[in-house]
Amino acid sequence: MNLEGVQLLARLAEVLNVQQDLDRALEMICKEIAEAFEVPIVGVYLFDPKSERFTLKAACGLEDNLHKTYASLPYHLLEEGDRYGRFVRVIPNSDGLVRGLLRTSVVVDLIREGKPIGALLLASEEELSPSEEEVHILECTAHQISLAISYFLLLEQLRGSSVKAREEERRYIARELHDQLGQALTGLKLMVESKAKESPENRALKEIQELIGQIISQLRGLLFELQPSAVVRKGLLRALQCYFERYTDQTGVRVIFNSSGLRRKLPSEVKIVVFRIIQEALTNVARHAKVDEVKVEVKADRDRITLVVEDRGVGFDPEPALKSGTTYGLTSMLDRATALGGWLRIDSAPGKGTRIAAEIPLKPHVRSSTDKTISVNTDGH
């Protein structure tokens, strides 16, 4: 894989790591792919098994006169065209994909557990004939998109579900990432290292090695976040300390940590919820707060555990963010706290930093879906 291909995969990984809204993430991915492959139109489709059609989810370059034509595509699209590799097909315009509009379409299957979940479409007025290397890049890109779509859809399904169910789904996703993407990256790394030994003066190969290393490092961090087995194995205190060290190494944001009562035996589901809330809060700090330090306080007594995550960053207005329904990070923290009968409070305002506080009872009781306790303060601290 050439340097441009690895750079594209790295940019896509960054988009998926930062974006919390699927539609926006897919739009950005379409633009990246259009620029990398120099094609005017790129679209991502989701497959509807009931209608047996592909519905356009996000696109780049579709003018009004083409949008209606490309809004929905039939299932037999998967059977058309000349196959390049396992999942890539080139469909000439004469074969009937979109007659009379564009000359060639390249379709890449989006597969999950052996079943189609969507398709990636590249279309052009020019004749498209992807090279073997471009086919490999397209298949890796499609795999990233498939995992992202599956992950976002699972997150939607998990809202309101039990802590145990959420963790099982996260473990499943972690295994998929490790077994498929992890192995593919390892194989790619070994192949590039072999080529680099043959051409030690090739600077491009060295850059590719560094990029692959960065992607593998990001993947390891994601696996740790998805499956923090240390929380149960080592206990909450040690797991948080390990996480803060890794967080600071990766983000440059120093964590000032104060705790009490965490050496006592705590219920596993409570430990996991507290860890997840802190994890999500710190992720938001790294992405949005623009600070170099954050304060975290966790205290446990006989009946409850309380936590506070506070920064002096740019702040935001939490009320419209929660009402929009697109801020999964905030809603997931709320869902986790209330799932065990706790509460969550967000104090923030533009220019005044952010303070997130939560309380979880050590004898959890599940609230009904309509009994969610959240307090929002938009006047700052």
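The values are calculated or read from the model by the stated rules, or taken from the named source; none is laboratory data. Computed from a predicted structure; not experimentally measured. Note that each Cβ is placed from the backbone with ideal geometry, even for glycine, and that neighbours are counted across all protein chains shown.
Any idea how many residues of the stretch 40-61 are within 15 Å of residue 74 (Cβ to Cβ), assigned to a strand (DSSP E or B) and among the charged types (D, E, K, R)? Summing the residues that are within 15 Å of residue 74 (Cβ to Cβ), assigned to a strand (DSSP E or B) and among the charged types (D, E, K, R) in the stretch 40-61 gives 2.
Mind checking which residues of the stretch 335-381 are β-branched (Val, Ile, Thr) and either modelled with pLDDT of 90 or more or touching a Gly at 6+ places or on another chain (Cβ under 8 Å) (or both)? Reasoning before the result, please.
So the first thing to find is which residues in the stretch 335-381 are β-branched (Val, Ile, Thr), and the list is 338, 346, 354, 356, 360, 366, 370, 373-374, 376, 378.
Answer for the stretch 335-381, where residues must be β-branched (Val, Ile, Thr) and either modelled with pLDDT of 90 or more or touching a Gly at 6+ places or on another chain (Cβ under 8 Å) (or both): 346, 354, 356, 360, 366, 373.
Among the residues of the stretch 26-38, those identified as among the aliphatic types (A, V, I, L, M) and either touching a helix residue (DSSP H, G or I) at 6+ places or on another chain (Cβ under 8 Å) or assigned to a strand (DSSP E or B) (or both) are 26, 28, 29, 33, 36.
Here is a yes/no grid of residues against (1) among the aliphatic types (A, V, I, L, M); (2) assigned to a helix (DSSP H, G or I); (3) under 28 Å from residue 55 (Cβ atoms); (4) modelled with pLDDT of 60 or more:
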site	(1), (2), (3), (4)
122	yes, no, yes, yes
136	no, yes, yes, yes
147	yes, yes, yes, yes
151	no, yes, yes, yes
156	no, yes, yes, yes
161	no, no, yes, no
167	no, yes, no, no
179	no, yes, no, no
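Looking across the stretch 256-286 at every residue that is farther than 16 Å from residue 334 by Cβ and of a type in the set (Gly, Ala, Ser), the one that is nearest to the chain's Cα centre (by Cα) is identified as 286.
Looking at the structure I just gave you, is residue 97 at pLDDT below 80 and either of a type outside the set (A, V, I, L, M) or assigned to a loop (DSSP other than H, G, I, E, B) (or both)? So residue 97 passes the test.
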